[in-house]
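Trainee: Just dropping this structure here.
All of the numbers you see were taken from the coordinates with simple rules; none came from a lab. Here the structure is a predicted model, which means the values were calculated and not measured. Heads up, the Cβs are rebuilt from the backbone with ideal geometry, glycines too, and the neighbour counts pull from every protein chain shown.
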Amino acid sequence: MKTAFRARTRYCFKLSFSLCLAVTAMIAATEFPVRSAQAQATGPNQPASIRNIPDADALPPAPGLIFDMAGQRYVMFDDMVSRLAGTRFVLIGEKHDNPIHHHHQAQLVRALSKREDSKRAVVWEMFNRDQQESLDQAWQTVSPDELGNEMNWGESGWPSWHDYAPIAEAARENGLSMVAGNLPQNVLRPMISQGISALPTELAEKLALPPLPDDIASRFDQEIAEGHCNMLPKSQMPAFSLVQFARDASLARAMIDADADKNIDGAFLIAGAMHVRDDIAVPYHLRRYSPDLTDNDIAVVILVEADDPGENLPGVNDYALRMGSEDIANFMWFTNDLPRTDPCEDMNIGQ
């Protein structure tokens, strides 16, 4: 089973690049003729095959394609890098168990760092704040490949460090700091029953959590219910949503604090896609901690698994709406998905 999965993963990884090249070549070759044909196809005598050719930017997403949400068009990787250059905070959202996503995160960290010769810190959802001292020491003494073992990654519950190591390698190549951004592990469970009072005093003051806004709470409640296969008692939703809100705040605070170092030029965030959404997640707290931030200071790139080919494929905005809003990202970068079992099959909460 594991061998087959790895083989499929390698296949998907290679396939994303081949599809990217193929579809990108198609877009480059057809974009001008397509629009030219549309401009000319104004008379009734034009063949239907010309009149009905769609604009390339309206085509359904496919693995390897990058969509500029503001411009509503597909762009090349270098175009995205150019647009992101100089941005203070760059948040790169992932699906945790997709190794293609971690490769792309590393690619973007490397490209932006080299282009600008900048030193953004790399803030990780996967490392907890109480690990920072160990992370600092390990980062100075071991290779990126060995970092996972040094940090007991295998006991963390995250997918293999092998998948995440390319991000650390990109950081090492460019002399970037590593920052543990998530809440301390020992406060997550107490927060379910005790709320904000479970936070250590110093951290509570640093996060300065306001009451959870109703619109954000509603979104979180729905997503947490779905994420727990609608088996979580309704009475527990507010507690879980508060933890999500606090985790987003912790990641944002880590980015702001890292940027305060005179030797650091902003921060990357490596986190799950739901944590980087521009409308309700970490960017919400970045703006709360630093009200002078403008839209040019924050950029969100979300890696998204494209649906398998078929009829009635969703458009880009449909993928955004699956995460709650069309205003979640600056760029959506599409990849292959992976074969997975239904997570709800064997889930038993409270049994």
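Trainee: If I model a spin label at Ser193 and Ser235 as a point 7 Å from the Cα along the Cα→Cβ vector, what separation in nanometres do I get?
Mentor: About 1.4 nm separates the two model spin labels.
Trainee: In the stretch 260-340, what GluC sites (Glu not before Pro) fall in a loop by DSSP, with at most 10 other Cβ atoms inside 10 Å?
Mentor: Details: sites: Glu305, Glu311, Glu326; in loops: Glu311, Glu326.
Filter output for the stretch 260-340: Glu311.
Trainee: First check a/c for the stretch 189-317, with a ≥ b ≥ c the square roots of the eigenvalues of its C-alpha gyration tensor; if it is under 1.5, answer rounded, and if not, answer prolate when a/b is larger than b/c or oblate otherwise. Display every interim value, and only then the final one.
Mentor: Working: a/c = 2.27, a/b = 1.12, b/c = 2.03.
Oblate is the answer for the stretch 189-317, as a/c is 1.5 or above yet b/c matches or exceeds a/b.
Trainee: Please report the spacing between the Cα centers of the stretch 196-235 and the stretch 277-316 in Å, no decimals.
Mentor: Cα centroid to Cα centroid, the span is 20 Å.
Trainee: If you don't mind, another one. Count the net charge of all other residues whose Cβ sits under 13 Å from the Cβ of Asn152, scoring Lys and Arg as +1 and Asp and Glu as -1. Write down the numbers at each step before the final one.
Mentor: Values: positive: none; negative: Asp130, Glu146, Glu150, Glu155.
Within the 13 Å Cβ shell, the charges total -4.
Trainee: In whole percent, what relative contact order does the stretch 191-283 give with Cα contacts below 8 Å and a gap of six or more residues?
Mentor: On the way: 66 pairs, mean separation 24.4, N = 93.
Reported as a whole number, the value is 26 percent.
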